[in-house]
Structures are given as structure tokens and as C-alpha cells.
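Laboratory data are not the source of any read-out in this text; all were calculated from the coordinates shown. This is a predicted model, so every value here is computed, not measured. Here the Cβ positions follow ideal geometry from the backbone for every residue, glycine too, while neighbour counts run over all protein chains shown.
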Amino acid sequence: MTTCQRMTSSSKRLSPSEHDVDLRSASVTTTVPRFEELAAPSHWRTVDFISDLHLQASEPATVDAFTRYLTHGSADALFILGDLFEVWVGDDAMAEPGCFEAQGCAALQAAAQRMPVYFMHGNRDFLAGQGFAQHCGITLLDDPTVLTFAGQRYLLSHGDLLCIDDVDYQRFRVQARSSAWQHQFLSQPLATRRAQARGIRQESEARKQSGASYADVDHTAAIAWLHAADAHTLVHGHTHKPATHTLAPGLQRVVLSDWDAAALPPRLETLRLSAAGLERVKLAPTYQPS
Ligand SMILES: [Mn+2]
């Protein structure tokens, strides 16, 4: 069972029929999805990529680090490639005073006044909708998207769709992308949705404690995506295994770090794109528990 991975991504623009999983046979292919295209304006000198912050009430140090990063960050644009929030149970959640969603949104709102902020869904926050985006002043981004920057094409994804070995998860992903599933979930009272999310989180923690392994990005599928996108570099998160992999001559996969300000040493990192290419930038932990 892969419950923790099942709060999965949803782009309402893709219907299950366009997905690469056949529910009847559970066969998973490497069908390449459609790409959104985004051309960076020429005045962008630096672009930051982050993902997998998993903001939640029980991790105030990471919430604080995110707020500080947005306050002091110097990039010309920010791309959040999924799982900014540990869970998103509906856009109405951010209206609850003092909740972690409200804190995260306030930080995003302030940052969006200074630079464009793009948000791609992860498998945890796939229910973040247009209400959230409009409230924060940010732009939702399809998964995957090709970003053209300084004449190069970068393929951006959360990464869960490429973990094709986890068939149970991919099946759930198709289901959770459907408007019927989302309507049913969102029609429940907020407190019920929060309780369900807590239950899922507990199962997820139990699975992590048990040492269960998770599927990783499939290299054949990643290469197929890159060829189809006419791109040389795939940037993704989700797996929490930051590394740069050469997939084939001239093709690479760059994996973003997750964030945990309370870990020793802290994991606080952005991937910065400039005309010189991609560079990992460690962020200084500044949070002092009171
Ligand atoms: Mn994820």
C-alpha cells in the first residue's frame, strides 16, 4: 500500500482518458503528456526552483524558513514544483485564522508583489485551486511545463507521474484527478476533510517508519519526455533524493531537495537557474525556537 503517495497531483485540464494508466489492465506505459510552454521574459536573470517543503503546523521552523526565503530572496521569478503544502484540503482552508495554510499564503502573497510566482501541483497539494492562486496572486502551472530560458528548454514536473512502477499510486492519481472524486471530497465539511488528511498522514508516517521503499522516477519515461519536449534537462522534486543524473549523453535529470529546517543539518535549498546554468543554493537557517 502506498497511502502516503496517494494524495496525488491533479490538473483539472487533463482528463483520466489522457492519462497513461489503463485502469482495467493497470498497465502503465510511457505515453508522453502534453506540455505547457512558458518563455521566460528576457529581463529574468535568475529563476529559483523549489519543491517539497511540506509546510505543516507541526513544522514551524520550515514555515518560518520559507517566509524568510520569500522575504529575502533575490530571484526574478519563483517556480514551486509541487508539495509546497503537506496537504491541501480545499481553498476554504486558508481562511481559518492562524492556520499553516494562511501563513504560507501570506508569504506567497507578499512575494508575488515583488516577482512572478508559479505553482505546480504536487501529490499532496493537488487540490489547491484557482481560489488559492488568485488569493495569493500567483499562477498555476501545468505538470509538465517546458520553460525556455536563455535559449535552453527546461522540462519541469513534480515527478510523481514519472514514478510509473508504483501502479497503485498511478491508479489513485487518475481517480483523484477526476472532477467526480474532487467534487465528492470537497463537498464534505472542512473539519471532516482535515480529519481525513490527518488519518492519511498517520498512515504515511507509519509507512515511513516501516522502512518501505518508494518508486523512483523511471529513466526510460524521463528520456521519452525529454525527447518529446525537445529539452535537455528535466527538473523535478517529489522523490526527496536531490541529485543530478545523466540519463543519456546530453540529457539530465536534476532532482530538487525537500525542505526540513529542523533536520540536522537543515535541508533548505533552492535550485537557481541563470545564464550560467543550474546551481544549488543552500539557504542559511535563521529560525530560533522561542
Ligand atoms: Mn510529492
Quiz item: Taking the stated definitions as given, is residue 110 assigned to a helix (DSSP H, G or I), more than 16 Å from the ligand (Cβ to nearest atom) and among the hydrophobic types (A, V, I, L, M, F, W, C)?
Solution: yes
Quiz item: Can you name the residue in region 254-275 that is touching a Gly at 6+ places or on another chain (Cβ under 9 Å) and of a type outside the set (A, V, I, L, M, F, W, C) and, of all such residues, is surrounded by the most Cβ atoms within 10 Å (Cβ to Cβ)?
Solution: 270
Quiz item: Across region 157-212, what is the number of residues that are more than 15 Å from the ligand (Cβ to nearest atom) and among the hydroxyl-bearing types (Ser, Thr, Tyr)?
Solution: 5
Quiz item: What are the residue pairs meeting all of these: first residue in region 234-261, first residue farther than 14 Å from residue 160 by Cβ, second residue within 12 Å of the ligand (Cβ to nearest atom) and not charged (D, E, K, R), Cβ atoms under 6 Å, and 6 or more apart or on different chains?
Solution: 242/255; 243/255; 259/53
Practice problem: Among the residues of region 213-238, count how many are away from the ligand (no atom under 16 Å from the Cβ) and in a strand (DSSP E or B). | Solution: 1
Quiz item: Looking at region 168-211, which of the residues that are of a type in the set (Gly, Ala, Ser) and not in a helix (DSSP H, G or I) is nearest to the chain's Cα centre (by Cα)?
Solution: 178
